[in-house]
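Since the structure comes first, as structure tokens, the remarks are kept for the end.
The values are calculated or read from the model by the stated rules, or taken from the named source; none is laboratory data. What you see is a predicted model, and the numbers here were worked out from it, not measured in a lab. Here Cβ is always computed from backbone atoms with ideal geometry, including for glycine, and neighbour counts include all displayed protein chains. Ligands, DNA and RNA are stripped out before the accessible areas are found, and what is left, the full protein with its side chains, is counted by its heavy atoms. Shrake-Rupley method; radii C 1.70, N 1.55, O 1.52, S 1.80 Å.
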Amino acid sequence: MLISFRSMCTWLVRFGLAAVLGAPGSAAHAEALGEIKPELLADLKRLPVVNAEFPTPAFRWSLETTRSFRGKRVTTETWQPSANGLAQVTVEDPSRSPGDRVIERVSLRGLMYVRTGELKSGVQFGNLRLPIQPGDKFSVTISREGRTMTKRCVAQEREPAAKLHPAIPGNYVPIDCVGETQYRGMNLKADGDFAWIEALNLIFFPSESVDYGAGTFVQRVRISAFQLR
């Protein structure tokens with residue numbers, strides 16, 4: 001089956017990579033914590049990543065993203081403090097049209113942006129508990145737009161968080177993940193590296209790749225600036 005590279009890449013960014021990496025998606029409207037529907041909030045609160053024992057501090061960072069077949073993009077996120085992992089984030093993206101370059105989003109502990117008007121998060125975890133510790137094994141499944149991506153993950157030994165950026169204190173736990181999804185009836189292999197940043201109680205995604213048979217679509221994210229607020 002011949003598949004357009006353009007349509008494949010658009011879908012991977014909008015669903016496969018954007019949903020799993022928490023990267024800015026195609027929706028341009030602002031989202032706010034106070035707009036989350038009661039049904040969605042109840043669904044989110046059942047997830048182990050929404051946990052008041054692990055608050056997220058206020059911080060600001062810039063993320064340099066490179067993708068296959070695309071140029072480099074730099075976005076800046078300003079995070080408000082979060083008591084339970086649901087955080088208000090201001091995203092600045094110079095690559096967007098002028099009216100959409102600064103937009104408000106709601107993050108689910110760095111895993112993905114929440115669509116506040118929906119009734120379900122579309123997220124399932126298996127055996128995940130916070131804080132993520134070396135040796136932990138868990139799975140994460142995200143379902144959106146009628147498609148599902150599942151990843152099975154293993155946490156590795158701690159490393160200095162300064163490897164991610166010199167200004168981030170403490171350690172992080174590298175997490176290796178492998179998984180699969182489908183596109184137009186094709187089974188795709190989707191691998192990635194996660195990071196549990198202990199000082200932020202946050203999930204970060206340094207890299208993600210999807211093997212679609214004819215090649216590999218890769219996204220890499222580097223923290224180019226960081227400041228606690």
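Among the residues of the stretch 92-129, those identified as part of a loop (DSSP other than H, G, I, E, B) and of a type in the set (G, A, S) are S95, S97, G110, G117, S121, G122. Considering A87, A42, the condition of being of a type in the set (A, V, I, L, M) and surrounded by fewer than 14 Cβ atoms within 10 Å (Cβ to Cβ) is satisfied by A42 alone.
Scan the stretch 24-39 and tell me whether some residue there is surrounded by 17 or more Cβ atoms within 10 Å (Cβ to Cβ), under 27 Å from E180 (Cβ atoms) and at pLDDT 95 or above. Within the stretch 24-39, none of the residues are surrounded by 17 or more Cβ atoms within 10 Å (Cβ to Cβ), under 27 Å from E180 (Cβ atoms) and at pLDDT 95 or above.
Matching residues to (1) surrounded by fewer than 17 Cβ atoms within 10 Å (Cβ to Cβ); (2) at pLDDT 95 or above:
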residue	(1), (2)
A167	yes, yes
V178	yes, no
Y183	no, no
K189	yes, no
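Could you please let me know if R67 is buried (at least 19 other Cβ atoms within 10 Å of the Cβ), touching a Cys at 6+ places or on another chain (Cβ under 9 Å) and either small (G, A, S) or within 20 Å of I142 (Cβ to Cβ) (or both)? Yes, satisfied.
Taking every residue in the stretch 81-94 that is of a type in the set (S, T, Y) and pairing it with any residue that is outside any strand (DSSP E or B) and buried (at least 20 other Cβ atoms within 10 Å of the Cβ), at least 6 positions away or on another chain, the pairs with Cβ-Cβ distances below 9 Å are S82/R109; S82/N201.
Of everything in the stretch 191-213, what is in contact (Cβ under 8 Å) with a residue 24 or more places away in the chain and open to solvent by 30 Å² or more (accessible area, probe 1.4 Å)? Give them in sequence order. E198, A199, P206, G213 - these are the residues of the stretch 191-213 that are in contact (Cβ under 8 Å) with a residue 24 or more places away in the chain and open to solvent by 30 Å² or more (accessible area, probe 1.4 Å). R229 falls short of the stated requirement of being open to solvent by 70 Å² or more (accessible area, probe 1.4 Å), touching a residue at least 24 places away in the same chain (Cβ under 8 Å), farther than 21 Å from A52 by Cα and touching a strand residue (DSSP E or B) at 6+ places or on another chain (Cβ under 7 Å). If you go through the stretch 122-140 one residue at a time, do you hit one that is over 20 Å from A195 (Cα atoms) and under 18 Å from the mean Cα position of the chain (by Cα)? So far as the stretch 122-140 goes, yes, one or more of its residues are over 20 Å from A195 (Cα atoms) and under 18 Å from the mean Cα position of the chain (by Cα).
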